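Q: This is the structure I have questions about; it appears just below.
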Amino acid sequence: MVVYAELPGRRARQVSADLLMASWCLLWAWLGRIVFDAVLALTGPGVQLQQAGAAFAARMSSAADNLMSVPLIGDQIASPFRSAAATGGDLEQVGTELVTSVEQLAALLGWLVALVPVVVVGAVWLTVRIRFVRRATAARTFRDRPGAMDLLALRALVSQPMAVLNRIGADPSGAWRRGDVDVILALGALELRGAGLRANPAVTRTGSAGSPT
């Protein structure tokens, strides 16, 4: 499998693009963390309500326990304090739910901020990289086979822009049909460069076997 181009210039651009993608991911992960921390700071009121409710419930429960020791009427006079302690517990529960809601919102916003830009840009980057890997791997497989330059030359005739083909010669398709080795090698090398590969040195020295007649 060909991951990076053999041509130095294109390989450098690919490595740079990969490093930029990694930096992009780190940047948005950092920004997502900032958003998470900023939203999480909003749990302050919930924490205070939670602590106040717990403290109030504890004091009321303690007072009720102390009043229970009063002979005969202890249970009656302690009852309002136990009710108040229950109200404090309700306040603590409200505070807990508020904290939980804010934490969930912080996590959601943090992940959205981090993931959406990464997924959008990453999808484009990954599509380009996969397309290159598939094309370069297939081209390298054909490059090392006998008669490969004929096939690559035909591929170049089909896929390369006319302006590029004109640089090869006035009639590259006719030259290919006649088996012109120089034109076949030039077309094959053109297709390989498009795939980020160098021409096979052995082929360029010995010519293209199996040329069409």
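The values are calculated or read from the model by the stated rules, or taken from the named source; none is laboratory data. Computed from a predicted structure; not experimentally measured. Reconstructed Cβ throughout: ideal geometry from the backbone, glycine too, with neighbour counts over all protein chains shown.
Q: So is Leu91 modelled with pLDDT of 80 or more and within 30 Å of Leu192 (Cα to Cα) or not?
A: Working: modelled with pLDDT of 80 or more: yes; within 30 Å of Leu192 (Cα to Cα): no.
Here the answer is no, as Leu91 does not meet what is asked.
Q: Under 6 Å by Cβ, and 6 or more places apart or on different chains, what pairs join a residue from region 83-95 that is within 13 Å of Arg59 (Cα to Cα) with one that is in a helix (DSSP H, G or I) and aromatic (Phe, Trp, Tyr)?
A: Gly88/Phe56
Q: Further, regarding this structure: I'd like the residue in region 35-44 that is surrounded by 13 or more Cβ atoms within 10 Å (Cβ to Cβ) and hydrophobic (A, V, I, L, M, F, W, C) and, out of all such residues, is modelled with the lowest pLDDT. I'd like the intermediate steps shown before the answer.
A: Let us first name the residues in region 35-44 that are surrounded by 13 or more Cβ atoms within 10 Å (Cβ to Cβ), namely 35-36, 39-40, 42-43.
Applying the additional criterion that residues be hydrophobic (A, V, I, L, M, F, W, C) yields 35-36, 39-40, 42.
Values: Val35: 94, Phe36: 94, Val39: 93, Leu40: 91, Leu42: 87.
The selected residue is Leu42.
Q: Taking region 108-127 as the region of interest, how many residues are closer than 15 Å to Asp18 by Cβ, of a type in the set (Val, Ile, Thr) and surrounded by 12 or more Cβ atoms within 10 Å (Cβ to Cβ)?
A: Of the residues in region 108-127, 2 are closer than 15 Å to Asp18 by Cβ, of a type in the set (Val, Ile, Thr) and surrounded by 12 or more Cβ atoms within 10 Å (Cβ to Cβ).
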